[in-house]
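S.K.: The structure follows.
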Amino acid sequence: MTSPLAHLNAPDCDEEDFEAPVGNLYSYFDGDRWVDGLATGVRPKSDLDETAMVQIDHRDWYPVADLRESSHYTAVLVNPDGTIYRESIEALASGQPAPAIRDIGTYGADNLAAEFTLEKGHWEPGGRVLYRYVGSADLGPSSES
């Protein structure tokens, strides 16, 4: 399987190419299993490093060839006024982000849900996906009452 970041070893990469992966999710092998982590830095190929390196979760550095596409994405839930309500890491379903996300919580004795729908348009695996607020609903009394 080819790494989604293999292009970072090309001699014509520029600063924009190296900044693009930061904030996206990638999978790396931790010795026992594949784990998802957030790219927090990129170091270009150099005399010391034979390959470009990607830092995951502000900790370890991995050669780009050792990274794979993540099976998760970052859902960015946006309020009607355009402010960010919440960000959360979600699993892909059949390789695609969910068409809608409901945030369910309690207020007093009632369960409330805020619904967000997928913003139409292009998204990249491991990236940030926008969801727009479409409404809320009272789901009735909570079971804790």
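S.K.: At 222 nm, what value in deg cm²/dmol follows for the chain if DSSP H runs of at least 4 each add -39500 (n - 2.57) and the sum is divided by all its residues, to the nearest 500?
M.R.: -500 deg cm²/dmol
S.K.: On the accessible surface of the chain, probed at 1.4 Å, how many percent belong to carbon and sulfur atoms?
M.R.: Details: 4510 of 9060 Å².
The C+S portion of the solvent-accessible surface of the chain is 50 percent.
S.K.: Counting only protein chains, not ligands or nucleic acids, how are HIS7, HIS58 ordered by accessible area (probe 1.4 Å), most first? If you can, show how the numbers build up before the last one.
M.R.: Values: HIS7 90, HIS58 140 Å².
Result of the area sort, largest leading: HIS58, HIS7.
S.K.: To one decimal place, what orientation-averaged projected area in nm² is obtained for the convex hull of the Cα set of the range 1-59? Present the calculation step by step, with values, prior to reporting the outcome.
M.R.: Values: hull surface 18.1 nm².
So the mean shadow area of the Cα hull is 4.5 nm².
S.K.: Accessible surface of THR83 in the full protein assembly, 1.4 angstrom probe, to the nearest 10 Å²?
M.R.: Counting only protein heavy atoms, THR83 exposes about 70 Å² to solvent.
S.K.: Counting other Cβ atoms within 10 Å of each Cβ, which trypsin sites (Lys or Arg not before Pro) in the range 1-103 have at most 10 and sit in a DSSP loop?
M.R.: Working: sites: ARG33, LYS45, ARG59, ARG68, ARG86, ARG102; in loops: ARG33, LYS45, ARG59.
Those satisfying the criteria are ARG33, ARG59.
S.K.: How many Å² of accessible area per residue for the chain, probe 1.4 Å?
M.R.: On the way: 9060 Å² over 145 residues.
For the chain, the per-residue accessible area is 62 Å².
S.K.: Moving on to the next point. Any idea which of SER3, GLY105, PRO21 is furthest toward the positive side of the dipole for the range 1-113, if Lys and Arg beta-carbons carry +1 and Asp and Glu beta-carbons -1?
M.R.: GLY105
S.K.: Taking a cut-off of 22 Å, what percent of all Cα-Cα pairs in the range 51-136 are separated by more than that?
M.R.: Working: 1459 of 3655 pairs.
For the range 51-136, the share of Cα pairs beyond 22 Å comes to 40 percent.
S.K.: Nothing charged except the Cβ atoms of Lys and Arg (+1) and of Asp and Glu (-1): what's the magnitude of the dipole of the chain about its Cα centre? Round to the nearest 20 debye. Intermediate results must be reported in sequence, preceding the final value.
M.R.: On the way: 10 positive and 26 negative charges, 88 e Å.
Rounded to the nearest 20 debye, it is 420 debye.
S.K.: Let me ask something else. Could you give the length gained by full extension between HIS58 and GLU90, i.e. 0.36 nm per residue of separation minus their alpha carbon distance, to one decimal place?
M.R.: 9.5 nm
S.K.: While we're here: Which whole-number percentage describes the relative contact order of the chain, with Cα contacts under 8 Å and a sequence gap of 6 or more?
M.R.: Values: 295 pairs, mean separation 28.1, N = 145.
Once normalised by length, the contact order is 19 percent.
S.K.: Using only protein heavy atoms and a 1.4 Å probe, report how much of LEU67 is accessible, in Å² to the nearest 10.
M.R.: 0
S.K.: If you take the C-alpha gyration tensor of the chain, multiply each eigenvalue by 5 and take the square root, what semi-axes do you get, largest first, in whole Å?
M.R.: Details: eigenvalues 275, 52, 32 Å².
Taking √(5λ) for each eigenvalue gives 37, 16, 13 Å, largest first.
S.K.: For THR106, THR74, write out the residues from largest to smallest accessible area, computed with a 1.4 angstrom probe and no ligands counted. Mind dumping the intermediate values first?
M.R.: On the way: THR106 85, THR74 10 Å².
Final ranking, largest accessible area leading: THR106, THR74.
S.K.: Let me ask something else about it. Test of understanding: in a Gaussian network model of the chain with alpha carbons linked when under 10 Å, which of SER70, SER27, SER94 would top the mean-square fluctuation ranking?
M.R.: SER94
The values are calculated or read from the model by the stated rules, or taken from the named source; none is laboratory data. Predicted model, so just to flag it, every value in this text is computed and none were measured. Neighbour counts run over all protein chains shown; Cβ positions are idealised from the backbone, glycine included. Only protein heavy atoms, including side chains, enter the accessible area calculation; ligands, DNA and RNA are left aside. Shrake-Rupley method; radii C 1.70, N 1.55, O 1.52, S 1.80 Å.
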